[in-house]
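Derivation of every value follows stated rules applied to the coordinates shown; laboratory data play no part. Worth saying up front: this structure is predicted, and the values here are computed from it rather than measured. Because the Cβ atoms are built from the backbone with ideal geometry, glycine has one as well, and the counts that use them run over all protein chains shown.
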Amino acid sequence: MKLDKEGIKMKYIECLFIGEGSSISEISGIKGIQVFSNEKACEYVDKQLQAGITYFLIFAVPIVKSIEHAIESTFCVSQFISKVKNLYGDRVTLIADVGLSPYQDSGQSVIYQNNTIDELASYDAASQLSLAFSEAGVDYVAPCLSLPKQVEKIKLALNQKNYSTRIMSYSLKFSSSLYGAYRQTIGSNMGTTRKNYQSDYTNSDSALTHMCDDLRQGADIVIVKPAVHYLDIIFQVKNINHKCCVAAYHVSGEFMMAKQAAETGLIDEDDYFDEVHASIYRAGANFIIGYAATEFIRWKTAINEKSQ
Ligand SMILES: NCC(=O)CCC(=O)O
């Protein structure tokens with residue numbers, strides 16, 4: 001593979017955090033990333049569209065942590081989706097995260113009852129969020145439950161209401177130590193705790209089986225998360241099903257380690273991000289999800305100019 005001969009087809013999905021009231025802040029756990037008000041988020045999308053970023057993954061940073069609140073049409077995420085889709089239509093692709101952690105005091109991605117996972121209640125909550133964001137006009141929903149039927153249940157709920165919203169599933173979500181900065185940003189109290197229902201990184205077979213199940217149930221894109229420690233997984237997913245569309249999530253811990261190493265002079269930041277983006281592309285990803293859209297555009301433009 002010679003990147004400068006082919007040009008880069010891979011696209012970037014930029015993470016956007018939308019807050020309400022006093023949760024809006026210039027600062028988050030992730031360097032350079034803000035929790036936006038609706039208005040500021042729209043201005044930011046406009047700027048990014050001009051720079052060439054057209055895909056956004058939306059996370060809520062609510063003050064009131066409740067599913068009932070999040071499914072109201074006045075909720076910050078639904079308001080943002082309607083506004084952006086009205087302004088830009090198909091020029092922008094919006095993906096709403098329907099993980100449950102921003103909506104629960106526990107910070108868990110699933111609902112627990114008496115110390116056991118309540119699968120039905122978890123599917124129901126993710127389906128309700130999916131319906132609410134679909135009503136606002138979102139293009140994709142991204143379920144993050146680590147449960148075996150998340151795609152099937154959400155698809156059924158969407159079909160019953162005649163929504164054609166697609167599904168980008170967190171199918172290969174490993175129990176990683178690298179999610180702390182994201183959790184700090186969404187106000188989760190779980191810190192760097194590993195969640196035991198996420199995929200065990202010492203057992204890739206089980207994670208790949210989960211991915212195959214999600215595809216059979218109708219997932220349009222599957223996510224591998226984190227990215228750089230899991231390039232072998234991206235490569236295997238493409239080998240199992242070369243038509244499968246894969247998004248590699250370069251998570252907050254990966255991003256922050258690079259930023260902090262650059263700050264101390266240990267690495268050259270641009271040089272390092274070029275290497276990260278090239279390695280994820282070589283592994284076969286169709287999309288990168290992350291916090292380094294500016295770095296990605298700089299790298300992709302330089303490579304594509306060389307290929308012409
Ligand atoms: N459901 C979204 C995430 O878990 C993000 C992880 C990260 O960026 O660390």
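Fewest Cβ neighbours within 10 Å first, please rank Thr93, Thr185, Thr264, Thr301 accordingly. Working shown, then result.
Working: Thr93 17, Thr185 24, Thr264 7, Thr301 13.
Neighbour counts put them in this order, fewest first: Thr264, Thr301, Thr93, Thr185.
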Any residue on another chain or 5+ positions along whose placed amide H is under 5 Å from the amide H of Val35 is listed here as Ser25, Ile27
Per GNM of the chain with C-alpha springs under 10 angstrom, the most fluctuating residue out of Tyr179, Tyr88, Tyr230 is Tyr88
Given pairs Lys40/Lys85; Lys31/Lys300; Lys11/Lys31; Lys149/Lys238; Lys83/Lys259 and cut-off 24 Å on Cα-Cα distance, the over-length ones are Lys83/Lys259
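Where the only charges are on Cβ atoms (+1 Lys, Arg; -1 Asp, Glu), what is the dipole of the chain about its Cα centre, to the nearest 20 debye?
Details: 29 positive and 35 negative charges, 123 e Å.
Computed charge dipole of the chain: roughly 600 debye.
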Between the modelled labels at Ser206 and Asn189 (7 Å from Cα along Cα→Cβ) the distance in nm is 2.8 nm
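How much length is gained if the chain between Glu269 and Lys306 is pulled fully straight, taking 0.36 nm per residue apart and subtracting their Cα-Cα distance, in nm to one decimal?
On the way: separation 37, 0.36 × 37 = 13.32 nm, distance 2.12 nm.
Stretched out fully, the Glu269 to Lys306 stretch lengthens by 11.2 nm.
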If amide H atoms are modeled at 1.01 Å from N in the peptide plane, then the residues at a separation of 5 or more from Gln198, or on another chain, having amide H under 5 Å from its own are none
Assertion target for Asp139, Asp118, ordered by fewest C-beta neighbours within 10 angstrom first, is Asp118, Asp139
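In debye, nearest 20: dipole of region 59-151 around its Cα centre with unit charges on the Cβ of K, R (+) and D, E (-)?
Values: 5 positive and 10 negative charges, 59 e Å.
So the dipole magnitude of region 59-151 works out to roughly 280 debye.
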Partner aspartates and glutamates whose C-alpha sits under 13 Å from that of Lys225, ignoring same-chain residues fewer than 8 away, are Asp200, Glu254
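Could you list Ser109, Ser171, Ser101, Ser204 so that the one with the fewest beta carbons within 10 Å of its beta carbon is first and the one with the most is last? Numbers along the way, then the final one.
Details: Ser109 27, Ser171 30, Ser101 22, Ser204 16.
Going from sparsest to densest Cβ surroundings: Ser204, Ser101, Ser109, Ser171.
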Dividing the helical contributions, -39500 (n - 2.57) per DSSP H run of n ≥ 4, by the residues of the chain yields a 222 nm value, nearest 500 deg cm²/dmol, of -13500 deg cm²/dmol
